[in-house]
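Below: the structure, in structure tokens.
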Amino acid sequence: MASDRTRVAAIRAMELEDVDAVMAIETAAQLTPWNGTHFCDCLGNANYLCQVATVDDVPAAFLILSRILDETHVLNIAVAPAWQRHGIARRLLQQALSAARADAMTVVYLEVRESNQSAQALYRQLGFEVCGVRKNYYRKGDGHENAVLMQCLLTSGHK
Ligand SMILES: CC(C)(COP(=O)(O)OP(=O)(O)OC[C@H]1O[C@@H](n2cnc3c(N)ncnc32)[C@H](O)[C@@H]1OP(=O)(O)O)[C@@H](O)C(=O)NCCC(=O)NCCS
């Protein structure tokens, strides 16, 4: 029988028909989820790259990037709770980093909640390093939480 990892059949472009499935992942995984309009807007923007990773042809994760000149920004990434810790986010990001290098991009930026240690561990594993803090950037309960800014320099030799 195929292992869980080999059942991750494909990384492909997100389509409008995926938005319901992507919203289900977003709502289950994120503290302050985007709504459907956010995803539709991303799909309609030529500077954005929207991808899904499927398991048995069903979206299990997604990644949304914006690309401006030689900079890539990770705008959103989430994995369905049932498929977390199977290497799917690492695979999505590794592919995005390879594509960015191939397209002569020089840096990838992202923001992550200060409390989101699992995502920060993932990003560090892929060569991201902390480059700043945005105070009170995210909503959290009745208050706010800092964003940690991270960058991955594509010329630094990280794979
Ligand atoms: C963060 C998230 C995207 C990681 O996705 P994932 O597919 O489960 O991550 P991976 O299986 O590819 O893990 C890669 C590495 O990340 C780190 N990591 C991921 N989940 C972790 C956890 N729960 N605890 C500790 N480290 C974790 C580990 O270093 C892991 O490597 P390892 O399994 O070899 O130890 C996923 O947990 C998620 O969707 N979280 C909710 C949404 C979110 O936080 N998005 C990021 C916003 S900036």
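The values are calculated or read from the model by the stated rules, or taken from the named source; none is laboratory data. Given the structure is predicted, the values throughout are model-derived calculations rather than measurements. We place every Cβ from the backbone using ideal geometry, glycine too, and count neighbours over all the protein chains shown. Surface accessibility is based on the protein's heavy atoms, side chains included, excluding ligands, DNA and RNA. Shrake-Rupley method; radii C 1.70, N 1.55, O 1.52, S 1.80 Å.
Which value in deg cm²/dmol, rounded to the nearest 500, describes the helix-derived mean residue ellipticity at 222 nm for the chain, given -39,500 (n - 2.57) per DSSP H run of n ≥ 4 and division by the residue count? Walk me through the intermediate numbers first.
On the way: 4 runs with 43 residues, N = 159.
About -8000 deg cm²/dmol.
Per residue, how much accessible area does the chain show when a 1.4 Å probe rolls over the protein heavy atoms, in square angstrom?
In whole numbers, the chain has 56 Å² accessible per residue.
In the full protein assembly as shown, how much of ASP41 is accessible to a 1.4 Å probe, in Å² to the nearest 10?
Counting only protein heavy atoms, ASP41 exposes about 100 Å² to solvent.
Please give the contour-minus-distance gain from TYR48 to GLN30: 0.36 nm per residue of separation, less the Cα-Cα distance, rounded to one decimal in nm.
4.4 nm
If you average over every viewing direction, what projected area does the convex hull of the Cα atoms of the chain give, in nm²?
Numbers: hull surface 38.7 nm².
Averaged projected area of the chain's Cα convex hull equals 9.7 nm².
In whole angstrom, and with the biggest value first, how far do the Cα coordinates of the range 34-111 range along each principal axis?
36, 28, 23
Can you tell which of LEU110, GLY87, ILE77 lies farthest toward the positive end of the dipole of the range 76-159, using +1 and -1 charges on the Cβ of basic and acidic side chains (Lys, Arg; Asp, Glu)?
Projecting each Cα onto the dipole axis, the largest value belongs to GLY87.
Under a plain spin-label model, where a point goes 7 Å from the Cα along Cα-to-Cβ, how far apart in nm are ASP20 and HIS144?
So the two model labels end up 3.8 nm from each other.
How do THR155, THR106, THR72 rank by accessible surface area computed with a 1.4 Å probe, from largest to smallest?
THR155, THR106, THR72
Compute the distance in nm between two label points, each set 7 Å from the Cα along the Cα-to-Cβ direction, one at ALA13 and one at SER118.
3.1
Placing +1 at every Lys and Arg Cβ and -1 at every Asp and Glu Cβ, with all other atoms neutral, what dipole size does the range 5-153 have around its Cα centre, in debye to the nearest 20?
Details: 14 positive and 16 negative charges, 117 e Å.
My answer is approximately 560 debye.
Taking the Cα centroid of the range 11-85 and of the range 113-129, what is the distance between the two, rounded to the nearest whole Å?
18
Over the alpha-carbon set of the range 92-159, work out the extent along each principal axis and list the three values in angstrom, largest first.
43, 18, 15
Leaving ligands, DNA and RNA out of it, report the carbon-plus-sulfur percent of the accessible area of the chain at a 1.4 Å probe.
Numbers: 4410 of 8830 Å².
That share works out to 50 percent.
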